1. Please work out the Kirkwood hydrodynamic radius for the range 145-216, using every pair of different C-alpha atoms, and report it in angstroms with one decimal place.
2. Quick one: work out the % antiparallel among DSSP beta bridges in the chain, nearest 5.
3. Over all directions, average the projected area of the Cα convex hull of the chain and note it in nm².
4. Please compute, for the alpha-carbon atoms of the range 97-216, the extent along each of the three principal axes and give them in descending order in Å.
5. What FRET efficiency would be calculated for the residue pair Ala84, Asn182, taking the C-beta separation as r and a Förster radius of 22 Å, to the nearest 0.05?
6. Taking only Cα atoms and a 10 Å spring cutoff, compute GNM fluctuations for the chain and point out the largest among Glu202, Glu121, Glu188.
7. Could you tell me how far the Cα centroid of the range 96-139 sits from the Cα centroid of the range 190-210, in Å?
8. Using 7 Å Cα-to-Cβ label points, what is the Asp56/Lys213 separation (nm, one decimal)?
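Laboratory data are not the source of any read-out in this text; all were calculated from the coordinates shown. Treat the numbers as computed from the prediction; the structure is a model and nothing was measured. A quick note on method: Cβ atoms are made from the backbone with ideal geometry, for glycine too, and the neighbour counts reach across all protein chains shown.
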Amino acid sequence: MNQKYIFAIAAALMVAVFATATLVHDSEKNTRRDQVAEQNRAVLVRDHSPTLGEVDARVHIVEFLDPACETCRDFYPYVKQLMAAAPGRIRVTVRYAPFHDGSEQVVKLLAAAKLQGKFWETLEALFTAQPNWASHHNPQPELVWNFINGVGLDIAKLKADMADPAIDAAVKQDLADARILNVTKTPEFFVNGRPMPSFGYEQLKRLVEEELKASY
């Protein structure tokens, strides 16, 4: 047999072996993620976690989120679209995951805004203005005050609440739960306790559709 053909066959076999090994590795990794999520369902949501949607909705999306994360900003309207497409059937809970340097203060601001019933309005204001205060993964928390004036917050109370040890404890709790669940990046989604098999909007949509079908 021509040496060129032998080389081509060997190369093809190597590619096939590598592809198979990658698929097996990914499958094993996803199985481990599923097992970790299932074993730790109790830490997916805490009492302090902000939630949007009907309490009795049977499909529950939990999102670990960093307000300085550009991908979180991109996904936010998609999540709202999923909720709008299934009225009353989906609720969303946000967990704090300030992985970017400098974003912990912004997360504390969000937690303090929740005490005034303004979490979601403040989050939207921060996402809208994100290019101005967190461009290229470089948060500048001192700038966010310029972009939340229209939310209707009591700024003096907000600043006082941000210094409350209870808010610091809530943020630390969310980070601890993220470690338990092997959350290392944002956004990270769980749907009825199930992690996405791989990252992407279509994967999230598919997971939500599966749970809607199973639950209704």
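1. One over the average 1/r among Cα pairs gives 15.5 Å for the range 145-216.
2. Rounded to the nearest five, the antiparallel share is 55 percent.
3. With every direction weighted equally, the projected area is 15.6 nm².
4. 46, 31, 28
5. The calculated FRET efficiency here is 0.10.
6. Looking only at Glu202, Glu121, Glu188, the biggest GNM fluctuation is shown by Glu202.
7. Centre-to-centre distance over Cα atoms comes out at 24 Å.
8. 2.6 nm
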